[in-house]
Structures are given as structure tokens and as C-alpha cells.
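The values are calculated or read from the model by the stated rules, or taken from the named source; none is laboratory data. Bear in mind the structure is a predicted one, so any value in this text is a computation, not a measurement. Reconstructed Cβ throughout: ideal geometry from the backbone, glycine too, with neighbour counts over all protein chains shown. Ligands, DNA and RNA are excluded from the accessible area calculation, which covers all protein heavy atoms including side chains. Shrake-Rupley method; radii C 1.70, N 1.55, O 1.52, S 1.80 Å.
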Amino acid sequence: MSPRLIRWFPFLAWSRPTAESLTADARAGIAVGLVLVPQAVAYAVLAGMPPITGLYASLLPAILGVLWGSCNLLGAGPTALTSMLVAGSLAGMAAVASPHWVQLAVWLAILAGVFQILLGVSRLGTIVNFLSGPVIGAFTQAAAVLILLSQLDSMLGIDPSAWWSAIMAIRPAEALAAVHWGALAFGVGTLIFLLGLKRYSRRWPLILIAGIVCTVISWLTPFAGSGGAVVGDLPAGLPSLGLPDLPTWNELRALLPMAAVIGLVSFIEAVSSARVISREKRTPWRENQELVGQGLAKIASGVSGAFPVSASFSRSALYLYAGAVSGWASLFTALCVVASLLFLTPALAWVPVAFLAAVIVVSVLNLIRPRWFLNLWRTSRPEALIAIATFAGTLVAAPQLQWGVLAGFVLGLVHYLYQRAHPRLIEVSAHADGTLRDRARFKLPRLAPDLLVVRMDASLNFVTAPLLERFVQERCRAEPQLRRVLLHCGPINAVDSTGLDVLNNMILDLHDRGIEVLFTAVKKQLEDAFRRDGLLHRLPKEAFYPTEAMAIGALGKNASTTPDAGASAMSEKASSRVDAPETGSPHRHRDAAAMSPDAPDTGDAPAPRPAQT
């Protein structure tokens, strides 16, 4: 089949199903569907949406996400984190669950989907790497804490305003009266049941079992009539496809950055699941294609009248555990959602809200890991501080959670730039293993008394080049006996024009003081830059040692018997610059005429190519 056709329709590359694989996919798909239905309703409530939209968000998005994604077992649909981001993004813009709120949520899903598709088509899937692990981990845990706190009132059956007023006034009787004991029993009972039998959650649909029990009890008892909160009547039938009216320009401007945050954070959820599935199934996945699939899933959710969706880690893991083989499992899950929409909406009306709150709490408890901060502190304190700042910023910025992500991103970027602006610069010497290692760390003698060997563990650019020059110049001024400087270029992967300019000026300055500059372990990309700049022609071939071993062998044996010999060779070679055409950096402020004009012109003879390392 044409690769171009598969690129646009990746599901055409699926292997032909067999009776055995379809049986396995049906079993796994139904198992996930039994968990998804009550979860979807709960996450819709968390997002501030009508409960039925949770089922809408579980139908077409799951199908399109798996058809156009690259990971066949990724379960697209409502998730706790994305739902919380929706609720936080729309807070203050409309009344919860109102038509205006639904309208904004629909456009938020479409904008986030378009954002992801543009990233995927532009092959910018790696952009998620700009959000570091500590930032994502801290943000996720802060969001989980906020989700948990937001569900406590519903799970415990508390009237928040009456309960807090009684507590502040120290009136225990009134505080107890503000608790609906039936809702408390449903919420706490579900919590204990799900946590107590957690080890069996992959083997048995515990959420469905708890939901059936709570719903039957709610229907048989006067729970709803006594003030207990239930889901209420839900419209039966499949979702009607279409788009609401466009939001106002001001609302659209407010939705755009929120859509970008949801697109990035939800894709990180998808990446986490896809990596696990890919590792377990030993199949490759393509992040750019997955962006397209997740983007189409969000657009499908919006067109269905629902809210942004993402890939659920727990449901994807359940696909794996249940033995799913291909993307057909998601199609069987979608059939479960269709059956629920057509036949089960009357039963869903009796589901207690306290039960849904308990389901959400159990889902996010796995995301709260205090030991993660302690481990991060032991590993990297700067990153731990960034994580703590992100965690605190997300809590403070609630419900506008995007500011927590932005704060973490900025801090992570500042830390990254700080690290790149302070590269490791060390003097190295010959180690017993035959390589050039840190002289101070291993207490090594110099290769020769007049030789300084320097290694910089970074690329040579406008930030790092002045630091290298300063390090070398200060060492040479502090130790007048130095007559040779060897630059170990192994860690240098790239060089820019400023780096070349600074390097050329440093070579000229050191030459004026009778100090020769040598190179070892020059990589191909660095060698190509030296050739374009003309540096290879301006230095003698003896100035380049292809490997560390060659440099150690040559320079270690030839400690300076004639200290000025190297400088003389440098002078002779560099004098050719008087007559040879200048191909060097246009920024160079030193003139070749300042160097000795007495040597014959050999500038046209190219230096041998240093070996790649």
C-alpha cells in the first residue's frame, strides 16, 4: 500500500484481524467500557458539564483517536486532569453547566484539537520536551490535590456554606445537620470499597460494581427525595453533531492560551501512556502522528457537544492487562458507550453524585506522591525547587491552573539557560586508562610542564566561547612557563560564528605571547566549521591530533626542550595569511600582518582531516 496513503490514513496499515484477535479485543474493549461509563459521567461533572456529555466525549473521540493515532491501545476520552483544566479555564467566564459554559467548552475542545493537529503536521511533537519532568510532575500533583479538595463536599454529603458557618461559630449540632448521611454513606462506602479491593481493579470492574450497588440502593430508597444529590434525567440517544455559535472575540482571545495549555498537558498524558504501551508491546509509535490523532479526538468531542479529552493512563493500562491486541478494542469500548446512550440513561439518572465524587477521588489519589518530591530533592535540588514552586504556583493560581504550568515552564527555562551559561571548564591530563580526565579530581600530573590541556563540556557558542577564552587567558597569565595550550574538543558538538571569532582572537593573542594552540578529538561538524572559516589553513597540520591517545603520545613524550619551537611553527604557518585570501570570520579585529611575514606561503595546502570521534 502507498506510504503516502498510509500517512494520511494510518489505520490502513493495521494487520487483518483474526477470530482470535477479535475475541481478545472484544474482551478487553468491553472490560474498559464497563469502567469508562461511570468514569465518563464523573469526569463530566468535574469539568462542570452536563453528565451526559461525558458519554458523548467517550464515543467518537475514542474511535478517531485510535484510527488516526500511532498507538492502537491508547484509550482517548475524558480524564480527571483534563476535566479539571476545563473547569479551571472556564471559571468566571460562565455559570457551571449552563449553555454558555457548554458553548465555551466545545470551542475549547476544538481550539485545543486544532493546536495539536498543527503541531503534528508541522512535526513539532518534541515541543512537549520543553515542559520538564519536574514541572509536569509537580503540576499534576497540584492539580490532583485541587481535584480531591473540590470533590470532598460532594463525597461527604456536606452543604459547604452551612457546614463552614456552623464550624466557624462552633456549633456542632448545626454542623452535623449540614451533613446528608445517605450521601456520606455512598461516598465513604464507595471510597473504602474501591481502595480496599484495589489489587483486584484490573481483574474485576470494581467501579461498575460499586455504581450498580449505589444506583439500586438510590432507586429503592428515598435518597433523592430526602435531598440526596443524584445525576438526574439524561437525554437518551446518540449525540447530535454540530457546532454552537462562535464565542465573542474577547472570549476567543481568553480561550486560545488555555487551549494551548490543555493541548500540551493532555498530550503529555498521551505520551506517558504511549511510551508504556510501546515498551510492553515492543512496537514503535510516532509522536507527531499521535498529535494528529489526539487533535482529531478533541475536535470530534467538540463537534459532539462535549469537552476536551485526552488519553487515559488507567484505561490504556487496562487494555494491556485485559489482553487487547489492536485498535479494534477501542471500537468495542465505543459499542459499550453506544449501548449506554441508547438503553441505560434512565438507570444513570439514579446514580448518586457522592458515588461519582468518590470515583474521582480514587482516580486522583494515585497521582499524589509526596515521596516524589523527596527523591527529586536528593537527585537535583534546583529541579526540586522548581517543582515546589510549580506546585505552590498551581495551588495559588487555582482555578486558573495554566499559570502554574507557565510559572514552571519559565523557571525550567531559566534553569536550563543558567546551566548552558555555566559550562564545566576543567584542566585535564593523561589518566591511567589512556584518556584525558579531570586533573584536579584524579590528582594527575601535567602531560608536560609547559602544557595546559583544557576541556569544555559544552558547544562553542556566543555564551560559552568568552568563558573558554577567559579560562585559558587567566591560566596563561598566572603560569608564565606555559608555552602550549591543547584544547580537547571531544565534548564540543557545535560552534557558531561568535565562537569562531573568539577562538581566532584567542589564538592570535596567545601567539603574540609565544604560546601555541593545539587541538585534539575534533568532531566532523567542528572540523567543517573550521574549514569554512579558514582556521584549518591558518594553522600547521601539527596543531591537530585526531585522537586523545595520539595527543598524549606526542605531547607527553615531547615536553618542551625548546619552549619556542611550537610558537615558531605557528608563526611560520600563520604568516601565510598575508598573501592567502581571507576566508575567516568577518568580525575578526586582528590582522594577519601582525604575524611573522618571513615564512614561505603554504596557505593553499589543506591540513589533513582530523578523525571523527
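Figures for the structure shown
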| read-out | value |
| --- | --- |
| Charge dipole magnitude, Cβ of K and R +1, D and E -1 - the chain, Cα centre, debye nearest 20 | 1400 debye |
| Largest-first ellipsoid semi-axes for the chain, taking √(5λ) over the Cα gyration tensor eigenvalues, angstrom | 65, 27, 22 |
| Calculated log₁₀ intensity ratio I(q)/I(0) where the Debye formula runs over C-alpha points of the stretch 1-147, q = 0.10, 0.13 Å⁻¹ | -0.46, -0.77 |
| Where V364, V96 fall by accessible area, highest first, once all protein chains stay in place (1.4 Å) | V96, V364 |
| Protection proxy ranking, peptides 52-64, 197-209, 327-339, average beta carbon neighbours within 10 Å, highest first | 52-64, 327-339, 197-209 |
| Lys/Arg +1, Asp/Glu -1 at C-beta; the chain dipole; positive extreme among A166, L508, S273 | S273 |
| Reference-scaled alpha-carbon Rg (2.2 N^0.38 Å with N residues) for the stretch 480-564 | 1.09 |
| Heavy-atom accessible area ranking, 1.4 Å probe, most first, across M93, M258 | M93, M258 |
| Positive-end extreme of charge dipole, the chain - chosen from L341, S497, A465 (charges on Cβ) | L341 |
| The stretch 143-208 - Rg (one decimal) and Dmax (whole number), Cα, Å | 14.9, 48 |
| Cβ charges +1 (Lys, Arg) and -1 (Asp, Glu), total dipole of the stretch 301-432, debye | 260 debye |
| Given charges at beta-carbon only (K, R positive; D, E negative), |dipole| of the stretch 393-508 in Debye | 360 debye |
| Accessible area in square angstrom per residue, the chain, 1.4 angstrom probe | 46 Å² |
| Accessible heavy-atom area order of D233, D528, highest first, probe of 1.4 Å | D233, D528 |
| Spherically averaged projected area in nm², based on the convex hull that wraps the Cα atoms of the stretch 224-362 | 11.2 nm² |
| Cβ-based charge dipole, the chain, positive-most Cα from L255, G137, S89 | G137 |
| Along each principal axis, Cα extent of the stretch 417-508, largest first, Å | 34, 27, 19 |
| Per-selection Kirkwood Rh - the stretch 273-318 (Cα, Å, 1 d.p.) | 11.7 Å |
| Accessible area of the chain belonging to carbon and sulfur atoms, whole % at 1.4 Å probe | 64 percent |
| Percent of alpha-carbon pairs separated by more than 19 Å within the stretch 71-158 | 59 percent |
| At least 30 Å along the helix axis (C-alpha) and Kyte average at least 0.5, DSSP helices within the chain | 19-46, 99-121, 133-156, 249-281 |
| At 1.002 mPa s and 20 °C, Stokes diffusion of the stretch 352-471 via Kirkwood alpha-carbon radius, µm² per second | 114 µm²/s |
